[in-house]
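**Student:** Below are the structure tokens for one structure; questions will follow.
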Ligand code: SAH
Ligand code: SF4
């Protein structure tokens, strides 16, 4: 393990300061930036435009890659799950999801990235939640999930969603830095409206995120329309004052950014799947332009759940369709989200955890 900084933790301004300090010509900063973000360099040798003596200067203090190794798992549906091993031996995952239009043409190439190792919020339906929080990821460790995916698969990603392991708004500064580097500098890799941050409802984080200009898209993991039900499955709900202040903050986010919102909702059998739930959900969704994404529950029985986690069951397909139609009949916009990679455990937090358990049991 090395204690060098990762060069992708530098902002465009930082990189300019560094090249000045190293007395490199001014244009080198742009060459390095393009080398990293456009040409996907994960070592200094790959940046052939930079003379060897200058590359050696960079190598002395910086490393170019966050991972000592990674594994990938390819699904029959075209999605690919990456399991990365960081320099401290921790593991983190990302999933590539190709979205095709009706004629089969690739419409979007999305990556779902992780922002933390584990998560401290303990949502009762989430495998990552059972791990607790180990640490925040650095901006470079988020960026390298994207660079490695593009490099490995030989593709250009179009969209980023922060829906992997962790709560992005509780790792605010690193997540912001990764967004700024990926959408700024001399090579703007992603447009902000193609980046979605998903939160389980961290109110101060939503407030700060609204300041980002240009803004990113926001998704709220709502999952329940009453405090009674939400408190049971998302402990943060009670701690942060319940649904009212959260929904007010979400509305403010829309007013400030004019970005349509997404509400994520897993219908659980007998918990949040009645016609009354659909009615309340449509009412919430109509407060500002938004869409409800209904997500089929991914089984987490491999975590050996106890308490309420052990009692959560998915609704069947018939009920899912009925529920989506009910939301629509009450005037909400709703879809059932495509699931990717069920054959490779490509759900939130699952792979890292199952791998960890299998190595611990060896
Ligand atoms: N912490 C953030 C982002 C990571 S979770 C958040 O909670 O929004 C990404 C999404 O996966 C969230 O909508 C979360 O509710 C959902 N999710 C977690 N566990 C799931 C499971 N077992 N089945 C289906 N969706 C799940
Ligand atoms: Fe954390 Fe999101 Fe999982 Fe909740 S759903 S435990 S906030 S990763």
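**Student:** Of all residues in segment 1-14, which are buried (at least 21 other Cβ atoms within 10 Å of the Cβ) and either more than 27 Å from the chain's Cα centre (by Cα) or not in a loop (DSSP other than H, G, I, E, B) (or both)? So that I can check it myself, show each step before the final result.
**Tutor:** Taking segment 1-14 as the starting set, the residues that turn out to be buried (at least 21 other Cβ atoms within 10 Å of the Cβ) are 7-8, 10.
Result: 7, 8.
**Student:** In addition: Return the residue satisfying two criteria in turn: it lies in segment 194-214 and is within 13 Å of ligand 2 (Cβ to nearest atom) and part of a strand (DSSP E or B), and of such residues it is surrounded by the fewest Cβ atoms within 10 Å (Cβ to Cβ). Even if it seems obvious, please write down each step before you answer.
**Tutor:** Step one: of segment 194-214, the residues within 13 Å of ligand 2 (Cβ to nearest atom) are 197-202, 205.
Those left that are additionally part of a strand (DSSP E or B): 197-199.
Details: 197: 24, 198: 21, 199: 23.
For segment 194-214, the residue satisfying everything is 198.
**Student:** Here's another thing I want to ask about it. So, in segment 215-240, of the ones that are touching a strand residue (DSSP E or B) at 6+ places or on another chain (Cβ under 7 Å) and at negative phi, which residue ends up surrounded by the most Cβ atoms within 10 Å (Cβ to Cβ)? Steps first, answer last, please.
**Tutor:** Step one: of segment 215-240, the residues touching a strand residue (DSSP E or B) at 6+ places or on another chain (Cβ under 7 Å) are 216-223.
Next, only the ones that are at negative phi stay: 216-222.
Working: 216: 22, 217: 19, 218: 22, 219: 19, 220: 22, 221: 24, 222: 26.
Among those that are touching a strand residue (DSSP E or B) at 6+ places or on another chain (Cβ under 7 Å) and at negative phi, it is 222.
**Student:** Against the condition crowded, with 17+ Cβ neighbours inside 10 Å, within 16 Å of ligand 1 (Cβ to nearest atom) and closer than 20 Å to residue 84 by Cα, how does residue 176 come out, does it pass? Explain how you work it out, then say what you get.
**Tutor:** Numbers: crowded, with 17+ Cβ neighbours inside 10 Å: yes; within 16 Å of ligand 1 (Cβ to nearest atom): yes; closer than 20 Å to residue 84 by Cα: no.
Considered against the rule, which asks whether it is crowded, with 17+ Cβ neighbours inside 10 Å, within 16 Å of ligand 1 (Cβ to nearest atom) and closer than 20 Å to residue 84 by Cα, residue 176 comes out as no.
**Student:** Scan segment 224-239 and tell me whether some residue there is assigned to a helix (DSSP H, G or I) and under 20 Å from the mean Cα position of the chain (by Cα).
**Tutor:** yes
**Student:** Inside segment 44-127, counting only strands (runs of 3 or more DSSP E) that do not spill past its ends, which hold 2 or more residues that are over 30 Å from residue 311 (Cβ atoms) and within 16 Å of ligand 1 (Cβ to nearest atom)? Spell out how you get there, then give the answer.
**Tutor:** Details: elements: 67-74, 80-86, 91-100, 106-112, 116-119.
Strands (runs of 3 or more DSSP E) meeting the threshold: 91-100, 106-112.
**Student:** Kindly indicate whether residue 118 is at positive phi, in contact with a strand residue (DSSP E or B) (Cβ under 6 Å, 6 or more places away or on another chain) and buried (at least 20 other Cβ atoms within 10 Å of the Cβ).
**Tutor:** Yes: the conditions hold for residue 118.
**Student:** If you don't mind, there's one more thing I want to ask. How many residues are in a helix (DSSP H, G or I) and closer than 22 Å to residue 69 by Cβ if we restrict to segment 128-173? I'd like the intermediate steps shown before the answer.
**Tutor:** Of the residues in segment 128-173, the ones in a helix (DSSP H, G or I) are 128-131, 139-153, 168-170, 172-173.
Filter once more, keeping what is closer than 22 Å to residue 69 by Cβ: 128, 131, 139-153.
Result for segment 128-173: 17.
For (1) within 15 Å of ligand 2 (Cβ to nearest atom); (2) more than 15 Å from the chain's Cα centre (by Cα); (3) surrounded by fewer than 21 Cβ atoms within 10 Å (Cβ to Cβ); (4) in the same structural domain as residue 237 (by TED's automatic domain parsing), each residue gets a yes or a no:
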| position | (1), (2), (3), (4) |
| --- | --- |
| 132 | yes, yes, yes, yes |
| 142 | yes, no, no, yes |
| 154 | no, yes, yes, yes |
| 160 | no, no, no, yes |
| 166 | yes, no, no, yes |
| 171 | yes, no, no, yes |
| 181 | no, yes, no, yes |
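**Student:** Could you identify the single residue in 289, 260 that is assigned by TED's automatic domain parsing to the domain that holds residue 217, without any contact (Cβ under 8 Å) to a residue 40 or more places away in the chain and surrounded by fewer than 21 Cβ atoms within 10 Å (Cβ to Cβ)?
**Tutor:** Only one candidate qualifies: 289.
The values are calculated or read from the model by the stated rules, or taken from the named source; none is laboratory data. From a predicted model like this one, the values you see are computed outputs, not experimental measurements. Neighbour counts run over all protein chains shown; Cβ positions are idealised from the backbone, glycine included.
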